[in-house]
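The values are calculated or read from the model by the stated rules, or taken from the named source; none is laboratory data. A quick note: this is a predicted structure, and the numbers were derived from the prediction, not measured. When we count neighbours, we look across all protein chains shown, and the Cβ atoms used for this are built from the backbone with ideal geometry, even at glycine. These accessible areas exclude ligands, DNA and RNA; they are computed on the full protein's heavy atoms, side chains included. Shrake-Rupley method; radii C 1.70, N 1.55, O 1.52, S 1.80 Å.
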Amino acid sequence: HAMREARGEFFAFLDSDDQWLPEFLEHQVAVLRKHPGTSLVTTNAYFLGGPLHGRTRRRAIDDYRVLTLEQIIADDLAVFIMTVFRRTVYERIGGLDEAQWASEDYDFWIRAALAGFVFRASTQPLALYRRHAGSLSANSARMLKGILHTYSKARQAVRAGSPIQREIDRQIARFERELLLVEGKDALERRDYRTAAARLSDLRDRGAGPLVGVTAWLA
């Protein structure tokens, strides 16, 4: 709704519990002004709260390198939620997928990259990224299902058999394994041993280690 109503040249996302440092917008918009062919600029952040408090999300180097579609697909953390982008991105690809309630920002970045928009990334920390038990990011199964939904849509948009599709398939296989592990652990905590055995057995069949197989057998 905000993007539909906005009239400015640039848009930016900010989650409710995160913070921009005072120079955040100045730095990001300056990059967009300097590189008119770039449409999205993502940044780095310090963790706020949790076991990683005070550490940076990425190693701090002020480089503003270009991110390729392959890099964005291969690394779901390549583009940060705290990204500034031109309104032309929204005008071309539309807003967030309102049917998707997890990883919707990553879905937006993938769609922008597929549309040919240029991304630049800085590893200079310009924000505070809060992590705590109540964060949506802590809901692992929901996040993983959102990422898998995004990759499934992206797979249909690329050429069959292309290197990009093969990378998407690799990521789908990776996140399906992660989802099986999370759902298996959640089922064990609920003492739903039938579901736990099914999830962990499937994970074992996909090449997980012997501990997963033993746990599946015990369940």
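Tabulated results
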read-out	value
Selection count where residues are assigned to a loop (DSSP other than H, G, I, E, B) and surrounded by 15 or more Cβ atoms within 10 Å (Cβ to Cβ), scope segment 22-49	3
Looking only at segment 87-106, and only at residues there that are open to solvent by 20 Å² or more (accessible area, probe 1.4 Å) and part of a loop (DSSP other than H, G, I, E, B), the one that is farthest from Leu14 (Cα to Cα)	Ala99
Among the residues listed as Arg120, Arg92, the single one being in contact with a His (Cβ under 7 Å, 6 or more places away or on another chain) and within 13 Å of Leu40 (Cβ to Cβ)	Arg120
Qualifying positions in segment 50-86 - within 13 Å of the chain's Cα centre (by Cα) and not in a loop (DSSP other than H, G, I, E, B)	Gln71, Ile72, Ile73, Ala74, Thr83
Segment 50-86 - residue that is of a type in the set (Phe, Trp, Tyr) and farther than 17 Å from Ser103 by Cβ and, of those, surrounded by the most Cβ atoms within 10 Å (Cβ to Cβ)	Phe85
Hits in segment 162-188 (condition: over 19 Å from Met143 (Cα atoms) and without any contact (Cβ under 8 Å) to a residue 12 or more places away in the chain)	Ser162, Gln165, Arg166
Which numbered condition Phe117 misses (of (1) outside any loop (DSSP other than H, G, I, E, B); (2) buried (at least 16 other Cβ atoms within 10 Å of the Cβ); (3) modelled with pLDDT of 90 or more)	(1)
Among (1) farther than 20 Å from Leu144 by Cα; (2) within 25 Å of the chain's Cα centre (by Cα); (3) surrounded by fewer than 17 Cβ atoms within 10 Å (Cβ to Cβ) - the single one Trp217 does not satisfy	(2)
Where a residue in segment 139-157 is among the aromatic types (Phe, Trp, Tyr) and its partner, wherever it lies, is open to solvent by 50 Å² or more (accessible area, probe 1.4 Å) and modelled with pLDDT of 95 or more, with Cβ under 9 Å and at least six apart	Tyr151/Asp169
Positions within segment 193-214 being among the β-branched types (Val, Ile, Thr) and more than 11 Å from Leu181 (Cα to Cα), in sequence order	Thr195, Val214
Positions within segment 73-99 being of a type in the set (Asp, Glu) and at pLDDT 95 or above, in sequence order	Glu91
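Each row is one residue, and each column tells you yes or no for (1) of a type in the set (A, V, I, L, M); (2) farther than 21 Å from Ala127 by Cα.
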site: Glu23; (1), (2): no, no
site: Val31; (1), (2): yes, no
site: Tyr64; (1), (2): no, no
site: Thr83; (1), (2): no, no
site: Tyr90; (1), (2): no, yes
site: Ile93; (1), (2): yes, yes
site: Asp97; (1), (2): no, yes
site: Ser103; (1), (2): no, no
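Okay, residues lined up against (1) within 20 Å of Ile72 (Cβ to Cβ); (2) open to solvent by less than 50 Å² (accessible area, probe 1.4 Å); (3) under 22 Å from the mean Cα position of the chain (by Cα); (4) among the hydrophobic types (A, V, I, L, M, F, W, C):
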| position | (1), (2), (3), (4) |
| --- | --- |
| Glu167 | yes, yes, yes, no |
| Ala173 | yes, yes, yes, yes |
| Leu180 | no, yes, yes, yes |
| Ala196 | no, yes, no, yes |
| Leu203 | no, yes, no, yes |
| Arg206 | no, no, no, no |
| Gly209 | no, yes, no, no |
